[in-house]
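Engineer: Shown below is the structure under consideration.
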Protein chains: 4
Amino acid sequence: MNAERSSSELRRAPALDVVEWFNTPVPISIDELRGRVVVLHAFQMLCPGCVLSGTPLAQRIHDRLAGPDLVVIAVHTVFEHHEAMTPVSLAAHLHEFRITMPVAVDRHPEPGGAPATMTAYAMRGTPTLVVVDRAGRIRHHLFGAVDELELGVALGRLLAEPAPTDQS
Amino acid sequence: MNAERSSSELRRAPALDVVEWFNTPVPISIDELRGRVVVLHAFQMLCPGCVLSGTPLAQRIHDRLAGPDLVVIAVHTVFEHHEAMTPVSLAAHLHEFRITMPVAVDRHPEPGGAPATMTAYAMRGTPTLVVVDRAGRIRHHLFGAVDELELGVALGRLLAEPAPTDQS
Amino acid sequence: MNAERSSSELRRAPALDVVEWFNTPVPISIDELRGRVVVLHAFQMLCPGCVLSGTPLAQRIHDRLAGPDLVVIAVHTVFEHHEAMTPVSLAAHLHEFRITMPVAVDRHPEPGGAPATMTAYAMRGTPTLVVVDRAGRIRHHLFGAVDELELGVALGRLLAEPAPTDQS
Amino acid sequence: MNAERSSSELRRAPALDVVEWFNTPVPISIDELRGRVVVLHAFQMLCPGCVLSGTPLAQRIHDRLAGPDLVVIAVHTVFEHHEAMTPVSLAAHLHEFRITMPVAVDRHPEPGGAPATMTAYAMRGTPTLVVVDRAGRIRHHLFGAVDELELGVALGRLLAEPAPTDQS
């Protein structure tokens, strides 16, 4: 929660470069979410830290806070065991663990490498939680275990910020 | 977290009517904390919901968030088993559980009844968490188990509010 | 733990009808384990009750109790989401969750149905824990959550039984 | 669980040298429990390791295993904060935490020192779990955190031992 920079340095959240969506009737664009706080949860379905901690937390943020002011999007950023974590397996995982938040499947520019969205966000691994403010700028980038109280405070502060005007 | 009222209805936080303090060199006055968010944790040292959940959470808020903008104060509001929860016993409890946040001992107007601060805040039992905004008004009053994520969001929102001017 | 029957009624543990093994240099035969207590853990890699509770417990039994007197064997008994839980996916799961106990892959007599060992043991779902005594007889068959203390007592009692003589 | 000695070395469990009992109509004598496995839980009501872990475990052993073959006895062995942990406070603690197993209050030969039963058993602190076999001999002496699975196995093994004959 200490990684805040001055506003002028803040990086705009890159577009989601993904190939498939679950739990949403239409693809979701980060740009179209301007005005809302966006919580991105990057995960792999067989990553223990995701299954045991990161994904349940993201789902709870979705259950308790998602609405006109906040959106949670999970991105399946597979960078290892590619054959074990196909979209078919992911669908079964989402069903079994009752994951209802929107989930995107990251795109692989070439077989076996790191996927496109993971690279665009410079993520180091999974789980990673990225929080984007109402103006579309990355405000928090958290790798690994997250303190729930501190995350809540960070989200509360961002929710209290005014939505940007059209020109921002 | 749903108990917000319009600002005009908000009740000013009553003074702490207490007889003894631990973990602070001088008594703390709610009035003097104007400008800061105040988290009040009402507890009894032998209440299981306090020992197992409420008090550790209050202590963690103290550890992670206490500073120029937020203060945590615990109040020992004994309303049962009075002889078992004297200040001598409380001191041992604080020592054993490594509780370092400021702790006040609620005053009993008459033996055996509900204590003064608990009554002034209309608390129903322990643990109770009361959150006071920078302007000294009660914004949240939570009895029993508290969702940590939602509490964090509520605190983040209050921390984002401007401090009152002298006339407020 | 209440399902004990008189010895004359006890059922002999069926053979493991499986197609592949992980974490063991050679296939394991229930019959050849006569003289040892055998703990069978039937699971599916995407079953939440397995991932969060049953499989970690089986692995801990393996870590703490496996030896000359007790063997833990996990059996991957896939009866749903077959395409999502192939041996390739299972290998990644075992690697990621650091599962080191022997794991067998149950055999499917026909595509899409219940697998052979699961059927032979009349298992209702996953996780299922079956405990076989030193004489090769099923003594406990537990579906779902298991109380660790009671399971320990049951294992301690079986470990205290003498190994069968050759003629038993 | 590794502290087993050969039977000839095993120490007979000393008598409980206590001054008061809760949760039992009559005092309990270790000697009169010959033939049963006895689990002794030494604790202090304000010791965090007791409140959070040791006492709930002892109570669960009582709930699940107490009967003709096994008895659980808690002993309040106060060796610090004496004024904070009087029998009056203990009574409130037992009530609040719904502790229903028999509880004895250890005797203090002199004010402020270690209590008699704690000394007789050479306990180092709280929580301590002592397991006595059917023949009245100490078989396990565990200080601090206890692995529930391993404790269960140890109890299962002792429960499988025959009761001593009258002359043992």
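Readers should treat all values here as calculations from the given coordinates under stated rules, not as data from a laboratory. Keep in mind that this is a model prediction, so the values were computed, not measured. All Cβ positions, even for glycine, are placed from backbone atoms using ideal geometry, and neighbour counts span all protein chains on display.
Engineer: B:Val75's amide H: which non-local residues (gap 5+, or another chain) put their own amide H closer than 5 Å, with H modeled 1.01 Å from N in plane and none for Pro or chain starts?
Structural biologist: Those qualifying (amide H under 5 Å, at least 5 residues apart or on another chain) are B:His41, B:Ala42, B:Phe43, B:Ala104.
Engineer: OK, next. Run the label-point distances for B:Pro48 please: 7 Å along Cα to Cβ, every other copy, nanometres, shortest first.
Structural biologist: In nanometres, ordered from closest: 2.1, 2.6, 3.2.
Engineer: Could you work out, residue by residue across C:59-71, how many beta carbons of other chains sit within 10 Å of that residue's beta carbon, and then give the average as an integer?
Structural biologist: That works out to 1 on average.
Engineer: Ordered shortest first, which distances in nm separate the 7 Å Cα→C-beta label point of C:Arg12 from those of the other copies?
Structural biologist: Sorted ascending, the copy-to-copy spacings read 5.0, 7.4, 8.7 nm.
Engineer: Output wanted: per-residue J couplings in Hz (rounded whole) for segment D:140-148, from phi through Karplus 6.51 cos²θ - 1.76 cosθ + 1.60, θ = phi - 60°, x for Gly and Pro.
Structural biologist: Each residue of segment D:140-148 in turn: 9, 9, 10, 9, x, 5, 10, 7, 5 Hz.
Engineer: Among B:126-132, B:72-78, B:89-95, how do they line up from the highest to the lowest mean number of other beta-carbon atoms within 10 Å?
Structural biologist: By packing density, highest mean first, the sequence is B:72-78, B:126-132, B:89-95.
Engineer: Read phi for every residue in segment D:97-114 and hand back ³J(HN,Hα) as whole Hz from Karplus 6.51 cos²θ - 1.76 cosθ + 1.60, θ = phi - 60°, with x for Gly and Pro.
Structural biologist: 8, 6, 8, 10, 6, x, 10, 9, 9, 4, 8, 9, x, 9, x, x, x, 6
Engineer: Report the Cα centroid-to-centroid distance between segment A:109-168 and segment D:52-105 in angstrom, as an integer.
Structural biologist: 48 Å
Engineer: While we're on this one: With the contact rule set at Cα under 8 Å and sequence spacing of 6 or more, what percent relative contact order holds for chain A?
Structural biologist: Contact order relative to length: 34 percent.
Engineer: What's the extension gain from B:Ala160 to B:Val88 if we count 0.36 nm per residue and subtract their Cα-Cα distance?
Structural biologist: Once the chain is fully extended between B:Ala160 and B:Val88, it gains 22.0 nm.
Engineer: Eigenvalues of the Cα gyration tensor times 5, then square-rooted: what semi-axes does that give for the protein assembly as shown, in whole angstrom, largest first?
Structural biologist: 48, 43, 17
Engineer: Roughly what would the spin-label model give for A:Asp63 and C:Asp69, points 7 Å off Cα along C-beta, in nm?
Structural biologist: 4.3 nm
Engineer: Can you list the copy-to-copy distances for B:Gly144, using a point 7 angstrom from Cα toward Cβ, in nanometres, shortest first?
Structural biologist: 2.4, 3.7, 3.8
Engineer: In whole Hz and in residue order, list the ³J(HN,Hα) couplings for segment D:91-96 that follow from phi through the Karplus curve 6.51 cos²θ - 1.76 cosθ + 1.60, θ = phi - 60°; x for Gly and Pro.
Structural biologist: Values per residue, Gly and Pro as x: 4, 5, 4, 4, 5, 5 Hz.
Engineer: Here is a further query. Under a plain spin-label model, where a point goes 7 Å from the Cα along Cα-to-Cβ, how far apart in nm are C:Phe143 and A:Ala120?
Structural biologist: Computed distance between label sites C:Phe143 and A:Ala120 equals 4.7 nm.
Engineer: In square nanometres, what is the average projected area of the Cα convex hull of segment C:18-160?
Structural biologist: 7.9 nm²
Engineer: Using a 10 Å cut-off on Cβ to Cβ distances, tally the other chain neighbours for every residue of A:128-140 and report the average as a whole number.
Structural biologist: 0
Engineer: While we're looking at this one, here's another question. Out of the DSSP beta bridges found with both residues in chain B, what percent are antiparallel (nearest 5)?
Structural biologist: The antiparallel proportion sits near 60 percent.
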